[in-house]
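*Asks:* Please read through the structure below; I'll follow up with questions.
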Amino acid sequence: MLGSLDTYALRDFVPVTPEVWARLFERLNEQVWPWQGLFLLLMLFALWRLYRGGSPTAGLALAACWCWSAVQFQFLLHTPLNWAASLMGWAFMVQAVLVLLVGLGGGWRFSGGLRAKLGVVLVLAGIVVLPVAGPLTGRSWAAFEVAGTAPTPTALVTLGMPLMARPISWVTGVIPVLWLVYSSVIWWVSGWLPGAVVAPLAIATLGVATGASPWSRGGEPS
Amino acid sequence: MAEYSRRRVLGGLGAALAVAAWPGLAAAAGKALNRAALPGGGGSIPVIGMGTWRTFNVGEDPELRQARTQVLAAFFEEGGGLIDSSPMYGSAQSVLGHGLEKLGYPDSLFAADKVWTRDGGATRKQAAESAASWGLERFDLLQVHNLLAWEAHLETLMAMKEAGEVGAIGITTSHGRRLDQFERIMERHELDFIQLTYNIRDRWAEDRILPLAREKGIAVIANRPYQGGSLIKGLKDRGAPLPDWAGEIDCRTWADFLLKFIVSHPAVTCAIPATTSVEHVRENMAAGRGAMPDAAQRQRMIETLAAA
Ligand SMILES: NC(=O)c1ccc[n+]([C@@H]2O[C@H](COP(=O)([O-])OP(=O)(O)OC[C@H]3O[C@@H](n4cnc5c(N)ncnc54)[C@H](OP(=O)(O)O)[C@@H]3O)[C@@H](O)[C@H]2O)c1
């Protein structure tokens, strides 16, 4: 637990208690059960299609996950707690359109190399490491964050995918990064370290992948 | 508290059932808190109330709603009155409504809410939506939250008060923001209440605002009595001991010490600590009983805390 008093200033801007934020993911699983399994499969399917060069279907599967997460998490669960969450829900819908467009435009096409390996790191972080870190560090198994439904793992996988593709399209990275920053701030004030470090680590990984600085474009233009 | 009926749907049977389910409520009268008179002969309210920012924002979660209902029940069992909320606090208003309905809308409730919208023409609409969330017909107090679109809202609130649609009106701020403007509004408008941050560490209101409130006969609600929690949790976590003389002013806990300091200021009507915990709400309410510090003891409290 972070538990630092420095977090109190930041806490003034977070409208929920740590208990409520942690419970939100249990409730998400209760609410969508058993469909999180299907959306995890869709996410894996998107990765497989990317690997096999099937860009449009990869984009379609990923878009479905973003719409699902927008509705199930942002609109149904998060919005009653925070008026700004409905804006986040619409941002997730925009994200769904973006991944669909990039997919249809042939943007989700696998290419190997070091950068792709970093992409795999982000994908594994989203599908395995972050979800498993929860129960291993004291959060309940019932709150297990499943990629394709829970927003943070979905964002991590979505950030990993362009790194595995040529040409890289960064347009699908903006909304996931913004979500990760928001989520990390909430976990920071809520005292769960693995959740708090997700955004800095993801941004650092993107930075390494694109060259010296996270802000330099690197790679081929989209 | 209020001299009019504000229960929307619950009749005598509902209230009786609530008392059967929450027997502690019936005993509440025996645990009377110190009360502060409201200016203008508007009765009096217990000196400790309760806030709901963050703590009551639990959404539809049935488990957490039940837990907050228990906090509310303990608040009323301890003789509580004023509860403060806002449309800004996510689901807090409807969570309150849920709990109040379960408790049969205890008579001591003094319902304080806020208007919080940039749309200066939406005062009545928002107030009606908030009242529906609480399950009330009208509020005892409506405040313009953080002075947002305050001119238009205040004008409508005055008209609403005139028409009997609300009991009292006021304005709020926190963290010492926009104090000059706050003061000007107090000087120029007929307010019943102000709400602002006042605690043993944040005492900027002592210079001008609190004296002005006394002079104009405006009731004062002190928000962030524990600086959002950091003050009391810091003292408790460090295991800081209470001073030897704390017993002179009936202080057994840091909650007593911090809250008695606030409500013993002659201009302050009540403090509104927020909590998610039944144990904490009981501890907070206890601060509203027994002896209160005088001016010299208040000064000693400031010095003690600076050294703690
Ligand atoms: N502009 C405005 O109008 C404005 C601005 C700020 C606040 N407000 C109002 O003022 C209310 C109070 O302010 P606030 O909620 O910001 O801060 P606060 O009441 O100073 O602190 C709340 C925190 O204190 C902790 N706490 C309460 N009683 C405790 C006890 N006995 N022992 C240990 N910890 C305790 C609570 O944690 P636990 O849950 O663990 O007890 C909670 O985290 C708000 O809820 C809101 O209604 C209005």
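The values are calculated or read from the model by the stated rules, or taken from the named source; none is laboratory data. Keep in mind it's a predicted model, so treat the numbers as computed, not measured. So basically every Cβ, Gly included, is an ideal-geometry build from the backbone, and we count neighbours across all protein chains shown.
*Asks:* Quick one: which residue in B:ALA213, B:ALA255 is surrounded by 21 or more Cβ atoms within 10 Å (Cβ to Cβ), among the hydrophobic types (A, V, I, L, M, F, W, C) and closer than 30 Å to B:THR156 by Cα?
*Replies:* Values: B:ALA255 fails: closer than 30 Å to B:THR156 by Cα.
Only one candidate qualifies: B:ALA213.
*Asks:* Given the criteria in contact with a strand residue (DSSP E or B) (Cβ under 9 Å, 6 or more places away or on another chain), of a type in the set (Lys, Arg) and within 10 Å of the ligand (Cβ to nearest atom), does B:ARG138 qualify?
*Replies:* In short, no.
*Asks:* If you go through segment A:27-69 one residue at a time, how many are outside any helix (DSSP H, G or I) and in contact (Cβ under 8 Å) with a residue 60 or more places away in the chain?
*Replies:* 0
*Asks:* Could you list, in sequence order, the residues of segment B:272-296 that are in contact with a helix residue (DSSP H, G or I) (Cβ under 6 Å, 6 or more places away or on another chain) and over 17 Å from B:PHE56 (Cα atoms)?
*Replies:* Restricting attention to segment B:272-296, the residues satisfying the condition of being in contact with a helix residue (DSSP H, G or I) (Cβ under 6 Å, 6 or more places away or on another chain) are B:273, B:275, B:278, B:281-284, B:287, B:291-293.
If the condition is that a residue be in contact with a helix residue (DSSP H, G or I) (Cβ under 6 Å, 6 or more places away or on another chain) and over 17 Å from B:PHE56 (Cα atoms), then B:GLU283, B:ALA287, B:ALA291, B:MET292, B:PRO293 are the ones that fit.
*Asks:* Given (1) within 26 Å of B:GLY43 (Cβ to Cβ); (2) within 13 Å of the ligand (Cβ to nearest atom); (3) assigned to a helix (DSSP H, G or I), identify the lone condition not met by B:GLU215.
*Replies:* Condition (2) is where B:GLU215 drops out.
*Asks:* Looking at B:LEU242, is it within 30 Å of B:MET158 (Cα to Cα) and not charged (D, E, K, R)? Steps first, please.
*Replies:* Values: within 30 Å of B:MET158 (Cα to Cα): no; not charged (D, E, K, R): yes.
So B:LEU242 fails the test.
*Asks:* Could you run through segment B:232-250 and say how many residues are touching a residue at least 12 places away in the same chain (Cβ under 8 Å), buried (at least 16 other Cβ atoms within 10 Å of the Cβ) and either away from chain A (no Cβ under 14 Å) or within 7 Å of the ligand (Cβ to nearest atom) (or both)?
*Replies:* Within segment B:232-250, residues that are touching a residue at least 12 places away in the same chain (Cβ under 8 Å), buried (at least 16 other Cβ atoms within 10 Å of the Cβ) and either away from chain A (no Cβ under 14 Å) or within 7 Å of the ligand (Cβ to nearest atom) (or both) number 4.
*Asks:* Mind listing whichever residues of segment B:66-80 are in contact (Cβ under 8 Å) with a residue 40 or more places away in the chain and more than 14 Å from the ligand (Cβ to nearest atom)?
*Replies:* Applying the first criterion (in contact (Cβ under 8 Å) with a residue 40 or more places away in the chain) to segment B:66-80 yields B:67-68, B:70-71, B:73-80.
If the condition is that a residue be in contact (Cβ under 8 Å) with a residue 40 or more places away in the chain and more than 14 Å from the ligand (Cβ to nearest atom), then B:ALA73, B:PHE76, B:GLU77, B:GLY79 are the ones that fit.
*Asks:* So, B:TYR198, is that one surrounded by 17 or more Cβ atoms within 10 Å (Cβ to Cβ), of a type in the set (Phe, Trp, Tyr) and within 14 Å of chain A (Cβ to nearest Cβ) or not? Walk me through how you get there before you give the answer.
*Replies:* On the way: surrounded by 17 or more Cβ atoms within 10 Å (Cβ to Cβ): yes; of a type in the set (Phe, Trp, Tyr): yes; within 14 Å of chain A (Cβ to nearest Cβ): no.
In short, no.
*Asks:* Of the residues that make up segment B:254-276, is at least one within 13 Å of the ligand (Cβ to nearest atom), farther than 18 Å from B:PRO46 by Cα and not polar (S, T, N, Q)?
*Replies:* yes
*Asks:* Suppose we filter segment A:77-88 for residues that are more than 9 Å from chain B (Cβ to nearest Cβ) and surrounded by fewer than 18 Cβ atoms within 10 Å (Cβ to Cβ); how many remain?
*Replies:* 3
*Asks:* Failed condition for B:THR172, given (1) within 16 Å of the ligand (Cβ to nearest atom); (2) within 14 Å of chain A (Cβ to nearest Cβ), with all others met?
*Replies:* (2)
Conditions (1) of a type outside the set (A, V, I, L, M); (2) within 14 Å of chain A (Cβ to nearest Cβ); (3) without any contact (Cβ under 8 Å) to a residue 60 or more places away in the chain, marked per residue:
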{"site": "B:ASN223", "(1), (2), (3)": "yes, yes, no"}
{"site": "B:ASP256", "(1), (2), (3)": "yes, no, yes"}
{"site": "B:VAL263", "(1), (2), (3)": "no, no, no"}
{"site": "B:THR269", "(1), (2), (3)": "yes, no, no"}
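*Asks:* So which residues in segment B:156-206 are modelled with pLDDT of 95 or more and acidic (Asp, Glu)?
*Replies:* B:GLU162, B:GLU165, B:GLU183, B:GLU187, B:GLU190, B:ASP192, B:ASP202, B:GLU206
*Asks:* With segment B:26-137 as the region, which strands (runs of 3 or more DSSP E) entirely inside it contain at least 3 residues that are more than 11 Å from chain A (Cβ to nearest Cβ) and surrounded by 24 or more Cβ atoms within 10 Å (Cβ to Cβ)?
*Replies:* Working: elements: B:35-37, B:44-46, B:82-84, B:110-115.
Strands (runs of 3 or more DSSP E) meeting the threshold: B:82-84, B:110-115.
*Asks:* Here's a follow-up. Any residue at all in segment B:240-250 that's in a loop (DSSP other than H, G, I, E, B) and in contact with a Cys (Cβ under 8 Å, 6 or more places away or on another chain)?
*Replies:* The answer is yes, given that some residue of segment B:240-250 is in a loop (DSSP other than H, G, I, E, B) and in contact with a Cys (Cβ under 8 Å, 6 or more places away or on another chain).
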